Ligand SMILES: [Zn+2]
């Protein structure tokens, strides 16, 4: 069900449900009213890729040697209100924000680019860095940045959220 707010913007109303139960007349009876409030939330996800080399410090394995990845950055934003056109966040602009976030790291040796000249360039640290870079840009649109995932390969990645 859709409602129109005072400013003319559509919004989703929390779901309200109720339940009445009782026992047979003549015996102890009761009426129970249960209200269930659920807040509908929309989420949108976009993805960009970038190519970088890195090596891990203090790592007892082959990832301690210089190697490269085609990283995939996935970001998810969430919110309750859609525009009149039924859009939470324009995916093209969301993707542009993500491309700008990774631009300084594309075709670079990560270990030489701040903050990863000091911070170990693990997928976890990359995800946290991109989350903190993107969060204010998403929040200024009145939305929540739900999660950022950085994939080092098609099957291995790390996520960060706050
Ligand atoms: Zn690696």
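Residues of the range 118-131 include at least one that is farther than 17 Å from residue 44 by Cα and exposed (fewer than 12 other Cβ atoms within 10 Å of the Cβ).
Within the range 45-73, residues that are within 27 Å of residue 134 (Cα to Cα) and free of Cβ contacts under 8 Å to residues at least 24 places away in the same chain sit with their Cβ atoms under 6 Å from residues that are away from the ligand (no atom under 13 Å from the Cβ) and assigned to a strand (DSSP E or B), at 6+ positions apart or across chains, in these pairs: 70/49. Considering the range 13-116, the qualifying strands (runs of 3 or more DSSP E), each wholly inside and each with 3 or more residues that are modelled with pLDDT of 95 or more and surrounded by 15 or more Cβ atoms within 10 Å (Cβ to Cβ), run over 42-54, 67-79. In this structure, does residue 121 turn out to be outside any helix (DSSP H, G or I) and more than 15 Å from residue 50 (Cβ to Cβ)? So residue 121 fails the test.
The values are calculated or read from the model by the stated rules, or taken from the named source; none is laboratory data. Note that the structure is a prediction, hence the values are computed from the model and not measured. Note that each Cβ is placed from the backbone with ideal geometry, even for glycine, and that neighbours are counted across all protein chains shown.
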